[in-house]
Amino acid sequence: MPGTVPESWPDLIGERVQDAIVIIHNERPDLRGVRVLPPNQAPTPPAPGDVRVIIYNNSQHIVIPPAPYIG
């Protein structure tokens with residue numbers, strides 16, 4: 001769908017975190033912040049006006065579910 005703006009990236013599950021960050025930045029250059037978290041850790045609330053991507057990863061720095069999302 002041309003013109004749609006992604007808000008989550010389920011296809012990045014299983015990719016290296018660094019590769020996922022590059023792909024997300026290429027698709028959404030307006031997003032400045034990325035928060036990479038271990039499994040089951042809740043993200044802290046964003047600062048007012050902050051738009052960031054939440055990425056969960058395992059000990060091998062691979063993206064795991066849930067899919068990266070804006071939050």
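Would you mind telling me which residue in Pro39, Pro48, Pro29 has the biggest mean-square fluctuation in a Gaussian network model of the chain, where springs connect alpha carbons within a distance under 10 angstrom?
Pro48
Consider the candidate values (1) 0.91; (2) 1.00; (3) 0.95; state which one is Rg/Rh (Cα atoms, Kirkwood Rh) computed from the structure displayed.
Working out Rg/Rh (Cα atoms, Kirkwood Rh) from the coordinates points to (3).
Quick one: 3J(HN,Hα) in Hz for the stretch 9-16, Karplus 6.51/-1.76/1.60 with θ = phi - 60°, rounded, Gly and Pro as x.
Ordered by residue, 3J(HN,Hα) equals 9, x, 5, 8, 4, x, 8, 5 Hz.
Fewest Cβ neighbours within 10 Å first, please rank Glu15, Glu27 accordingly. The partial results should precede the final answer.
Details: Glu15 19, Glu27 12.
Ascending Cβ contact count within 10 Å gives the list Glu27, Glu15.
Charges at C-beta only: +1 for Lys and Arg, -1 for Asp and Glu. How large is the resulting dipole of the chain about its Cα centre, in Debye rounded to 20?
Numbers: 5 positive and 7 negative charges, 40 e Å.
The dipole of the chain has a size of about 200 debye.
With the contact rule set at Cα under 8 Å and sequence spacing of 6 or more, what percent relative contact order holds for the chain?
Numbers: 108 pairs, mean separation 28.0, N = 71.
Answer for the chain is 39 percent.
Evaluate the distance, in nm, between pseudo-label points positioned 7 Å from the Cα of Arg35 and of Ile62 along their respective Cα→Cβ axes.
2.5 nm
Show the residues, 5+ positions off or on another chain, whose built amide H is closer than 5 Å to the amide H of Leu37.
Correct list: Ile55, Tyr56, Asn57.
Here, each number is a calculation from the coordinates, and none is a lab measurement. All values reported here derive from a predicted model rather than from experimental measurement. Don't worry about glycine lacking a Cβ; one is built from the backbone with ideal geometry, like all the others, and counts go over all protein chains shown.
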